[in-house]
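To start, the structure under review is shown below, and the notes come after it.
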Amino acid sequence: MISSWLCPADAGGSPREELLIAFDRARSARVLVLPAWFDEANKLRRFTLEVMRRLDRAGIDSFLPDLPGCNESLAPLAEQSLDGWRRAAEAAAAACKASHVLAIRAGCLIAPPALPGWHYAALSGPKLLRAMLRARSLAAREAGIFETSEELLEIGRGQGLVLGGWSIGAPMLRALETAEPAPGPAQRPVTQAMLGAGGGLWLRAEPDEDAAQADALAALIAQDLAGGAA
Amino acid sequence: MTSIPILDGEAALDREMKGLIAEVLGLDPDRAAAFGPETGLFGHLPELDSMAVAGLLTEMEDRLGITIEDEDVDGAMLETYGALLDFARAKLAEARRPA
């Protein structure tokens, strides 16, 4: 289940090995999973894997690659860009021979548009930044420092910013200011309401899990695949 | 934000805010329904760190159709459930006032 994939280097360097969690039994449906980012990545990690376990039991392969700069990656997060992650997502799709993509929250910003699949609770770049800037500004205020989101953003555009402990480089930050999820023609938006009662797990103050929500998302994907949709 | 939700009346706002806090804290909706004006929030609940508060405020913006500026946010409005509800009510009134 724990494997790796080779992420091509941007500037013609040698490819880097990145971690891959794979439920690969050579079945016809192969879903690339692009997880949530930064703080939300932690909040949704268990949910993401729980959905993958359910897909496995439903006869569907799935693949969760580390993007460069995330989790176990040796690449520095501060050097990553939105376009770089888009290329990495395309490369991961090719490496896993993905037939479909499940993008979660900000992961929707980099979903390969040609793959059919699902956008779960897509998050725009501006909203992602707004919450992270606000968290930093709140934490600073507790320490007696007053910094507004606008001031922080101005600094970040030039030199990058550390938000909630995540080092976000200037190119990534500038790109996120205008990044909107754009589902491909065969990508279906999945809203939180479609997963039943209870809010999105990214809202939780602490990482949590919800078996009913994981059941619902996996069932929705399995049904779409069985029906030939997506 | 695609539409401003209809939150006419105090009961609807109270229900929306309690629902949201229940989601953030992973509480049983019944527990959140028992919140009163004096129920302590930020500072009383160790799990409510700055990232969680930021998420709560951003979600309030979406669900209530309001904009919360940095300077609106202070410790007092996050101290108790009643203070947060007062803040939401004032922001909603502001958003509905014609410019």
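Quick check: the angle from helix A:211-227's long axis to the longest principal axis of chain A, C-alpha only, nearest 10 degrees?
The answer is roughly 50 degrees.
Compute from the Cα atoms of chain B the Rg and the Dmax, the latter being the longest Cα-Cα distance, and quote both in angstrom.
12.9, 39
Restricting the count to DSSP beta bridges whose residues both fall in chain A, what percent are antiparallel, rounded to a multiple of 5?
Numbers: 13 of 28 bridges.
Taking every DSSP beta bridge within chain A, about 45 percent pair in antiparallel fashion.
Test of the criteria: in region A:58-109, which trypsin sites (Lys or Arg not before Pro) are in a DSSP loop and have at most 15 other Cβ atoms within 10 angstrom of their Cβ?
Values: sites: A:Arg86, A:Arg87, A:Lys97, A:Arg105; in loops: A:Lys97.
For trypsin sites (Lys or Arg not before Pro) across region A:58-109 that sit outside H, G, I, E and B with at most 15 neighbouring Cβ atoms in 10 Å, the list reads A:Lys97.
In terms of Cα to Cα distance under 23 Å, which lysines are near enough to A:Lys43, apart from those fewer than 8 places away along the same chain?
The qualifying lysines are A:Lys127, B:Lys18.
Once you keep just the Cα pairs under 8 angstrom separated by 6 or more residues, what percentage relative contact order results for chain A?
On the way: 427 pairs, mean separation 50.6, N = 230.
Across chain A, relative contact order equals 22 percent.
Just the Kirkwood number for the protein assembly as shown, please: inverse of mean 1/r across all distinct Cα pairs, in Å, one decimal. Kindly include the intermediate steps, with their values, before the conclusion.
Details: mean 1/r = 0.0478 Å⁻¹.
Kirkwood radius, the protein assembly as shown: 20.9 Å.
Leaving out ligands, DNA and RNA but keeping every protein chain, what accessible area does B:Asp74 have, in Å² rounded to the nearest 10, with a 1.4 Å probe?
Ignoring ligands and nucleic acids, B:Asp74 comes out at about 70 Å².
List the residues, sorted by chain then number, that are 5 or more residues from A:Gly117 or on another chain and whose placed amide H is less than 5 Å from its amide H.
So A:Gly117 has HN proximity to A:Val101, A:Gln187, A:Arg188.
Just read off the accessible area of A:Cys108 with the full protein assembly in place, 1.4 Å probe, to the nearest 10 Å².
0
Suppose each label sits 7 Å from its Cα in the direction of the beta carbon; what would the B:Leu13-A:Glu72 distance come out to in nanometres?
According to this spin-label approximation, the distance is 5.1 nm.
Run the 1.4 Å probe and let me know the accessible area of B:Ile21, rounded to the nearest 10 Å².
The value for B:Ile21 is about 10 Å².
Add -39500 (n - 2.57) for each DSSP H run of 4 or more in chain B, then divide by its residues: what number comes out at 222 nm, to the nearest 500 deg cm²/dmol? Working shown, then result.
Numbers: 4 runs with 52 residues, N = 99.
Roughly -16500 deg cm²/dmol at 222 nm, from the helical runs in chain B.
Would you calculate a helix-derived [θ] at 222 nm for chain A, using -39,500 (n - 2.57) for each DSSP H run of n ≥ 4 and dividing by the full residue count, to the nearest 500? Walk me through the intermediate numbers first.
Working: 6 runs with 87 residues, N = 230.
After summing the helix terms and dividing by the residues of chain A, the value is -12500 deg cm²/dmol.
So how tilted is helix A:149-159 from the main axis of chain A? Cα-based, degrees 0 to 90, rounded to 10.
The two axes meet at around 80 degrees.
Output wanted: per-residue J couplings in Hz (rounded whole) for region A:178-195, from phi through Karplus 6.51 cos²θ - 1.76 cosθ + 1.60, θ = phi - 60°, x for Gly and Pro.
10, 6, 10, x, 10, x, x, x, 10, 10, 9, x, 10, 8, 4, 4, 5, 9
Percent of Cα-Cα pairs more than 12 Å apart in region A:18-67, please. Don't skip to the answer; put the middle values down first.
On the way: 746 of 1225 pairs.
It works out to 61 percent of all Cα pairs.
At what distance in nm do the modelled label points of B:Thr67 and A:Ala197 sit from each other, each positioned 7 Å from its Cα along Cα→Cβ?
Inter-label distance under the simple model: 3.7 nm.
Just add up the charged neighbours of B:Ala34: K/R +1, D/E -1, any other residue whose Cβ is under 14 Å from the Cβ of B:Ala34.
With Lys, Arg at +1 and Asp, Glu at -1, the net is -1.
With labels modelled as points extended 7 Å from the Cα through the Cβ direction, what inter-label distance (nm, one decimal) is found for B:Glu47 paired with A:Ala94?
Using points 7 Å along Cα→Cβ, the separation is 4.4 nm.
Can you tell me the 0 to 90 degree angle between the C-alpha axis of helix A:82-95 and the longest principal axis of chain A, rounded to 10?
Long axis of A:82-95 versus the principal axis of chain A: about 20 degrees.
For the modelled label position 7 Å from the Cα of A:Glu209 along Cα-to-Cβ, which residues of region A:23-65 have backbone nitrogen atoms closer than 14 Å?
Counting only backbone N, you get A:43-55.
Amide H neighbours of A:Leu34 under 5 Å, at least 5 residues apart or on other chains, H built in the peptide plane: list them.
Placed amide hydrogens put A:Leu102, A:Ala103, A:Ile104 under 5 Å from A:Leu34.
Can you work out the Karplus-derived ³J(HN,Hα) for every residue in region B:73-80? Use 6.51 cos²θ - 1.76 cosθ + 1.60 with θ = phi - 60°, whole Hz, and x for glycine or proline.
8, 9, x, 5, 5, 9, 5, 10
Kirkwood Rh over alpha-carbon pairs of region A:126-180, then Stokes-Einstein at 10 °C and 1.306 mPa s: what D in µm² s⁻¹, rounded to an integer?
Details: Rh = 11.1 Å.
Approximately 143 µm²/s, per Stokes-Einstein.
Ordered by residue, what ³J(HN,Hα) values in Hz, to whole numbers, does region B:43-53 give under the Karplus form 6.51 cos²θ - 1.76 cosθ + 1.60, where θ = phi - 60° and Gly and Pro are x?
With the stated coefficients, region B:43-53 comes to x, 9, 10, x, 6, 8, 7, 5, 5, 5, 5 Hz.
The values are calculated or read from the model by the stated rules, or taken from the named source; none is laboratory data. If you're wondering where the values come from, they're calculated on a predicted model, not measured in any experiment. For neighbour counting, all protein chains shown are included, and Cβ atoms are generated from backbone atoms with ideal geometry for every residue, glycine included. Just the protein is used for accessible areas: all its heavy atoms, side chains included, with ligands, DNA and RNA removed. Shrake-Rupley method; radii C 1.70, N 1.55, O 1.52, S 1.80 Å.
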